[in-house]
Amino acid sequence: MAAVIFVLHTLVSLLAAVFLLRIAMPLVRADFRNPIGQAVLQVTNPLVMPLRKVLPPAGRVDVASVVALLLVQFAGTALILLAAGAGIAPVPLLAAALVGLARTVLQFYFWLVLIHVLLSWVAPGQYSPGTQLVHRLCEPLLRPVRRVIPPLGAFDLSPMFVLIGLQALQLLLP
């Protein structure tokens, strides 16, 4: 049973990460015309487009995508709780879903920053749609840290501090 719960949890987290990309890409003005953006649209459109008819965007925030992310997280959490044999009372479900979403967001950005660091070592200065997207998504986290801790020559320590901060925040979650 633990393997089934692990697989369900992983699938829900990956699907939530795709919806997080759908929300974050317009906020950082990332291009949806690249292959990654097109894949994100194809995966998320079946749920987002019907919601968008009822929930229009508010500035650069796509309200329909936020609601779709919440729906995916709540449904996934309910499915995991049912697979674990637990009940799905509304208040515990809400709490578990919100904690799960917070964990997913922190892990999402942890992996993005880690990929950003690896790409800076492997392909510095090279353009690719994936590299550009990772850079745009990580920059809002890294920029404030760089103001406090500027790069030391060729060494940018800001990703290390952001990774430590993201891990510390995860430890604070129940």
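Coordinate-derived values only; no laboratory data. Just so it is clear, the model here is predicted, and its values are computed rather than measured. Reconstructed Cβ throughout: ideal geometry from the backbone, glycine too, with neighbour counts over all protein chains shown.
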**OP:** With a Förster radius of 22 Å, plug the Cβ-Cβ distance of LEU27 and ALA3 into 1/(1 + (r/R0)^6) and report the FRET value to the nearest 0.05.
**Re:** 0.05
Original post:
By how many nm would the segment from SER120 to ALA83 grow when fully extended, if each residue of separation counts as 0.36 nm and the alpha-carbon distance is taken off?
Top reply: 9.2 nm
Original post:
Which value, in debye to the nearest 20, gives the size of the charge dipole of the chain about its Cα centre, when Lys and Arg are +1 and Asp and Glu are -1 at the Cβ?
Top reply: 360
Original post:
Once whole DSSP H runs in the chain are found, which of them have Cα atoms spread over 24 Å or more along the helix axis and a mean Kyte-Doolittle score of at least 1.0?
Top reply: 2-27, 63-83, 90-122
Original post:
How much mean residue ellipticity at 222 nm does the chain get from its helices, if each DSSP H run of length 4 or more adds -39500 (n - 2.57) and you divide by all residues, to the nearest 500 deg cm²/dmol?
Top reply: -27000 deg cm²/dmol
Original post:
When the chain is fully extended, how far beyond the present Cα-Cα distance does LEU55 get from PHE161, taking 0.36 nm per residue of separation?
Top reply: 34.4 nm
